[in-house]
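Right, one structure below, let's go through it.
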Amino acid sequence: MKSNPLVTIYIPCRNYGRFLRQSVESVYQQLYTNWELVIVDEGSDDDSVELAEELCRHFPAKTKLLQNKKPTGLQRLANMVLALANGKYMVRLDADDWFDENALLVMVAKLESSPDIGLVYGNYFYTDPNGNVLGVERRYKLGIEDNVGQLPPHGACTMFRTRSLKAVGGYSEDINAQDGWELWYKLYDRIGAASIDVPTFYYRQHGDSLSRDSNRLLQARSRIFERLSQSLNGDYGLKNVAVIPVKESYPGFEGVPFRDFGGCSLLERAINSAARSSKVSSVVVSSSSQRVLDYSEELERSGSVPPHLRVLRNEELGGRNIPIRELMIHAGEHFFSVEGEYPDAIAFLSLHAVYRQTSHIDKAFNVLRITESDTVTSVQEEREPMFSYGGDGLDLLNPGRFQDLIYDRERLYRFNGSIIASWWDVLQEHHLFGEKIAFIEMSAEDSIQIKHPSMLNLAAYGSGNSKE
């Protein structure tokens with residue numbers, strides 16, 4: 001390499017003294033040696049501070065310890081280091097993980113040899129709490145294997161150009177997780193990204209890992225997509241329609257939309273959650289039952305729900321298995337007959353998805369816009385081992401599950417029946433999903449659908465969103 005840039009590495013630590021030595025020493029053992037290291041203790045009450053002070057004495061000119069009396073949060077901590085960083089490049093190493101000895105060498109070499117690239121990341125080893133290797137994660141190559149960008153680089157052990165981080169204002173401090181997602185979407189249209197097809201670090205799996213807190217991660221992603229949507233230059237009056245198909249009764253489940261759940265009827269609940277979305281221009285209740293539409297009108301007259309559109313479906317669209325694409329087009333045509341213009345995008349919302357929140361609807365429209373996909377669908381990640389039938393019997397699709405590992409290339413998702421959002425022109429020209437499908441992930445609880453009277457008592461044990 002013609003130049004020899006400095007790299008700023010920072011290691012956040014809160015009560016990870018049992019792992020800290022291996023993490024710090026992996027920096028000291030790097031084949032690339034022009035680095036500075038900042039260890040930041042986040043109010044630890046174990047031996048982390050004493051251990052960090054001891055480790056700093058090994059390379060006192062290149063290592064410093066910062067102490068926060070109380071945890072500040074990962075994003076605020078990162079901004080604090082960013083303000084102090086001397087490095088041309090910057091990378092985070094978590095205190096419970098550690099670098100391969102080649103990590104800095106290969107990442108710096110890639111960035112220095114590719115002036116159009118401002119972000120680089122590698123693969124990694126999964127290990128158990130004791131550091132024994134369990135497997136290797138081969139990350140998707142952004143722009144090559146992942147054109148939608150819904151599996152962006154991990155926040156840790158991804159190297160950025162420091163000036164690029166500063167140019168976008170650093171990290172958003174009100175988002176308390178998913179810093180890799182946030183930075184990627186801030187930077188993806190400003191700098192190029194590259195992957196290195198070798199493992200660069202060891203990712204320890206243990207009970208305290210943040211990555212296991214799925215609800216917190218999903219909430220953080222929603223805030224990220226909302227901020228990204230707001231940062232786009234206007235929405236040019238996008239007209240987004242939400243259609244709620246309503247069938248009055250099913251065998252063994254009569255009067256479905258009128259049933260009470262958490263203090264309001266299923267239909268009232270569905271209309272309000274859609275109407276509260278700032279992304280939704282109009283809500284359409286679609287049913288082949290006039291009684292349902294009369295009830296919908298009664299809810300509006302009483303002020304229980306805001307004004308919305310109603311459309312009576314013909315018998316062809318009133319069967320047990322409703323063709324979703326045709327139903328969405330039918331609602332869009334009704335919107336045109338009332339408003340004199342077609343919607344830009346339209347979302348199918350299941351009446352039965354009682355824990356679907358307004359934030360999920362917002363996120364679906366945000367993802368549709370940001371990823372420039374044809375369709376966005378709500379999914380639940382399949383956490384159990386899954387099989388397909390092959391010539392020799394069953395083929396295991398996600399063997400990592402038997403090691404309690406979630407490999408990106410083994411992730412399986414199933415439609416949870418809650419939301420499908422599509423551009424109007426895609427519905428007109430293609431099948432339901434089009435060619436480029438993005439997704440929003442919902443938790444198992446938020447994915448619950450009420451399909452039987454016995455499930456109505458779930459309201460007493462739900463997620464606390466009875467009115468949402």
Problem - Scan of the stretch 336-347 for residues that are surrounded by fewer than 24 Cβ atoms within 10 Å (Cβ to Cβ) and in contact with a strand residue (DSSP E or B) (Cβ under 7 Å, 6 or more places away or on another chain), ordered by number - result: V338, D344
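Residues checked against (1) out of contact with any strand residue (DSSP E or B) (no Cβ under 8 Å at 6 or more places or on another chain); (2) within 17 Å of G169 (Cα to Cα); (3) charged (D, E, K, R):
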| site | (1), (2), (3) |
| --- | --- |
| A83 | yes, yes, no |
| V91 | no, yes, no |
| A95 | no, no, no |
| L105 | yes, no, no |
| V108 | no, no, no |
| E112 | yes, no, yes |
| V120 | no, no, no |
| N123 | no, no, no |
Completion exercise
Of the conditions (1) open to solvent by 30 Å² or more (accessible area, probe 1.4 Å); (2) touching a helix residue (DSSP H, G or I) at 6+ places or on another chain (Cβ under 7 Å); (3) of a type outside the set (S, T, Y); (4) part of a helix (DSSP H, G or I), the single one that F59 does not satisfy is (4)
Fill in the blank from the handout: All conditions in (1) surrounded by 17 or more Cβ atoms within 10 Å (Cβ to Cβ); (2) under 30 Å from Y407 (Cβ atoms) are true of L51 except (2)
Handout entry: Residues (part of a strand (DSSP E or B), touching a Ser or Thr at 6+ places or on another chain (Cβ under 7 Å) and surrounded by 13 or more Cβ atoms within 10 Å (Cβ to Cβ)) located in the stretch 124-139
Key = Y124, L134
Handout entry: Those residues of the stretch 26-48 which are open to solvent by 40 Å² or more (accessible area, probe 1.4 Å) and either part of a strand (DSSP E or B) or in contact (Cβ under 8 Å) with a residue 40 or more places away in the chain (or both), in sequence order
Key = Q29, L31
Handout entry: Enumeration of residues in the stretch 153-183 that are at pLDDT below 85, open to solvent by 30 Å² or more (accessible area, probe 1.4 Å) and not in a loop (DSSP other than H, G, I, E, B)
Key = A167
Problem - Residues satisfying the stated conditions in the stretch 447-458, i.e. in contact with a helix residue (DSSP H, G or I) (Cβ under 7 Å, 6 or more places away or on another chain) and assigned to a helix (DSSP H, G or I) - result: none
Handout entry: Of the criteria (1) without any contact (Cβ under 8 Å) to a residue 24 or more places away in the chain; (2) more than 27 Å from R138 (Cα to Cα); (3) open to solvent by less than 50 Å² (accessible area, probe 1.4 Å), which one D425 fails
Key = (3)
Problem - Count of the stretch 265-286 residues which are modelled with pLDDT under 95 and under 14 Å from L351 (Cβ atoms) - result: 0
Problem - strands (runs of 3 or more DSSP E) wholly inside the stretch 336-446 containing at least 1 residues that are more than 21 Å from V280 (Cα to Cα) and touching a helix residue (DSSP H, G or I) at 6+ places or on another chain (Cβ under 9 Å) - result: 375-381, 393-396
Exercise for the section: Please state which of the following conditions S281 fails to meet, knowing it meets all the rest: (1) farther than 15 Å from V246 by Cα; (2) open to solvent by less than 40 Å² (accessible area, probe 1.4 Å). Expected result: (2)
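The values are calculated or read from the model by the stated rules, or taken from the named source; none is laboratory data. Just so we're clear, the structure is a prediction, and the values are computed from it rather than from any experiment. Heads up, the Cβs are rebuilt from the backbone with ideal geometry, glycines too, and the neighbour counts pull from every protein chain shown. All accessible areas refer to the heavy atoms of the entire protein, side chains included, with ligands and DNA or RNA removed. Shrake-Rupley method; radii C 1.70, N 1.55, O 1.52, S 1.80 Å.
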